[in-house]
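One structure is given below, encoded as structure tokens.
All of the numbers you see were taken from the coordinates with simple rules; none came from a lab. Fair warning: this is a prediction, and the values are worked out from it, not measured in the lab. Neighbour counts run over all protein chains shown; Cβ positions are idealised from the backbone, glycine included.
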Amino acid sequence: MSEIIKVGMADLNICQPPDGLTTLGLGSCVGVALRDPVARIGGLVHVMLPDSKSIHNSQSMNPAKFADTGIAELVRRMEQKGAKRSRMTAKLAGGATMFAVSGKSEVGLVGQRNTQACRQCLAELGISILAEDTGANYGRTVIFYPESGEYQIRAVGRDSYII
Amino acid sequence: MGNINLQKVSDAYFDVLKEIGNIGAGNAMTALSQMLQCKIDMRVPQVKLLNFQEVGALMGGEEQIMACVMLSVEGDITGNMMFMIETSSARRLINKVMMGYAQPGEAEFSEMELSAMKEVGNIITGAYLNSIASLTNLKIYPSPPALTIDMAGAILSVPAIEFGALGDKLLLIQSQFFDEARIDGYFILIPDLDSYARILGSLGLSVEGLSGEE
């Protein structure tokens, strides 16, 4: 029986087919799904913030929270299981702007910055992005199936679709 | 300043923060009760220090669809104020405010209904913030409200991200209310870390010793 493994906020996990990975209610966070089709390993990280280097705080020990450290950690975990970085491909979802807030608040920019940071990190690691569904103003629930590489996206008031 | 430890703030001033939530929500409920002309009850507010993974479970799961009015707060206190309500409750609330003119059923909210919801949120969060401003003698300027209807997890990611820049936990003051017609809603006040110190300081509480490492 296949199982769908839940990935929480600022969390990551890997799995092998026929299992899948899911993260519920992505808002401005980005869900980065990686897949090595040959080693048949998939991974999903729920990134909250763009850059670990811009934050100097020893209280922050969780690598999955940031795009740079989260993606690097996910790649490392997949490689431990026999995946090769050169074979990996990525799909992105999330990075929405949940509220159209006026004023000097940066709330509206976080989603965009997260998405850009993820793209940049993946480019630096030489992992190509096959598809993405990012931006706009609605939350997304995603399910990733490493078997087929299908990344299913559900949102409120929209039909579910696959990228 | 700037590096106040959330755990210590939460432990030391739990009851004070709770009382702030109580006063704020109490005033907001009075405003709502007057507007709807009915009795509204309120639960004892909760102060919660949550891991990000736990945030989704706060109000019935990450995928629970909620209507949320959010204001960003500027002035002496900075941060966010949220008023969240389940969509079925939102519909009943809107229907009461519009005196029966709202569209029945499960269809999408109309422009007028959304606007009504936004205004209700504006009035009651305004009452909440006003009472805190007069209690603490601090200046609080709320922004115009923004409304969204979406999954609870997606909505709560917004304040979680704000806190994510500072630590791995989210500290919030949550008040829940309900009336005869089952309107369940939540107020969530999410001050920035520095603002916690300012709120507590204005009440004569020292936040010395709260800074630094665990």
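Tabulated data
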{"read-out": "Most mobile listed residue (B:N22, B:N80, B:N51) in chain B, GNM with C-alpha springs under 10 Å", "value": "B:N51"}
{"read-out": "Distance (nanometres) between label positions extended 7 Å along Cα→Cβ at B:S110 and A:Q16", "value": "5.8 nm"}
{"read-out": "Per DSSP, loop trypsin sites (Lys or Arg not before Pro) in the range B:1-95 with at most 12 further Cβ within 10 Å", "value": "B:K39"}
{"read-out": "Burial order of peptide ranges B:115-123, B:169-177 (average beta-carbon count within 10 Å, highest first)", "value": "B:169-177, B:115-123"}
{"read-out": "Leading residue at positive end of dipole, the protein assembly as shown (Cβ point charges), from A:A93, A:I162, A:I129", "value": "A:I129"}
{"read-out": "Chain B: angle of helix B:193-202 to the longest principal axis, Cα-based, in degrees nearest 10", "value": "80 degrees"}
{"read-out": "For chain A, the longest site-free run once trypsin sites (Lys or Arg not before Pro) in DSSP loop states with at most 16 other Cβ atoms within 10 Å are removed", "value": "A:105-157"}
{"read-out": "Prolate/oblate/rounded label for the range A:4-162 (Cα gyration tensor, a/c 1.5)", "value": "oblate"}
{"read-out": "Between helix B:152-164 and chain B: long-axis angle, C-alpha atoms, 0 to 90°, nearest 10", "value": "20 degrees"}
{"read-out": "Angle between chain A longest axis and helix A:110-124 axis [Cα atoms, degrees, rounded to 10]", "value": "40 degrees"}
{"read-out": "Cα gyration tensor category, rounded, prolate or oblate, for the protein assembly as shown with a/c compared to 1.5", "value": "oblate"}
{"read-out": "Extension gain, B:V16 back to B:T30 (0.36 nm per residue minus Cα-Cα distance, nm)", "value": "2.9 nm"}
{"read-out": "Cβ neighbours within 10 Å from other chains - mean over A:87-99", "value": "3"}
{"read-out": "Amide proton proximity set for A:T23, modelled H, under 5 Å, gap of 5+", "value": "A:V7, A:V142"}
{"read-out": "Helix-only mean residue ellipticity at 222 nm for the protein assembly as shown, each DSSP H run of n ≥ 4 adding -39500 (n - 2.57), per residue, nearest 500", "value": "-11000 deg cm²/dmol"}
{"read-out": "Inter-site label distance for A:D51 and B:D41 at 7 Å from Cα along Cβ, in nm", "value": "5.2 nm"}
{"read-out": "Rounded, prolate or oblate (a/c below 1.5 giving rounded, otherwise prolate when a/b exceeds b/c) for the range B:6-202 by Cα gyration tensor", "value": "prolate"}
{"read-out": "Debye, to nearest 20: dipole size of chain B, +1 on Lys, Arg Cβ, -1 on Asp, Glu Cβ", "value": "580 debye"}
{"read-out": "Placed amide H near B:G185: partners under 5 Å, 5+ positions off or other chain", "value": "B:F177"}
